[in-house]
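Bear in mind that the values in this text are calculations on the coordinates, not laboratory data. Remember, predicted model here, so these are calculated numbers, not experimental data. Here the Cβ positions follow ideal geometry from the backbone for every residue, glycine too, while neighbour counts run over all protein chains shown.
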Amino acid sequence: MQVSAGQLRHKVTLQAQQETRSEYGEIIVDWVTLARVWAHVAPQSGREYFAAQQVQSEVSTRVTIRYRDDVNATMRLQHRGQTYRIEAVMADDGSGRDHLTLMCSEVSP
């Protein structure tokens with residue numbers, strides 16, 4: 001299955017963690033933007049549950065982007081002000097180099 005340009009109509013920002021040192025030698029971990037890419041964003045499922053005496057919610061989202069060899073499950077992405085943790089990166093089942101499907105979960109603010 002190939003992904004057509006018309007299907008990729010959402011702009012998402014791919015981010016990776018970067019470690020730097022402060023002037024005092026302290027390690028600082030920050031998120032840096034790798035790229036802004038076109039994507040297809042499709043919510044898959046959602047649920048609410050009660051944990052730690054609070055109502056929690058969990059949303060699973062599938063994001064499809066053109067193939068990149070620098071995307072992995074340690075990254076996150078942002079779309080319309082929401083941050084998503086990348087849980088799994090799956091290459092297409094054809095050539096493996098057409099597109100990536102990113103299974104993501106919403107990160108609480």
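All other residues whose Cβ lies under 9 angstrom from that of residue 40 are scored, Lys and Arg at +1 and Asp and Glu at -1, for a net of +2. Stokes-Einstein diffusion of the stretch 5-106 at 20 °C, 1.002 mPa s viscosity, Kirkwood radius from Cα pairs, rounded to a whole number: 142 µm²/s. Other residues whose C-beta falls under 15 angstrom from the C-beta of residue 98 contribute a net charge of 0, scoring Lys and Arg +1 and Asp and Glu -1. The residues neighbouring residue 65, those whose beta-carbon lies less than 14 Å from its own, together hold a net charge of +4 under the Lys/Arg +1, Asp/Glu -1 convention. Among 20, 101, a tally of other beta-carbon atoms within 10 Å of each Cβ gives an order, fewest to most, of 20, 101. Distance between the modelled labels on residue 27 and residue 98, one decimal in nanometres: 4.1 nm (7 Å Cα→Cβ projection).
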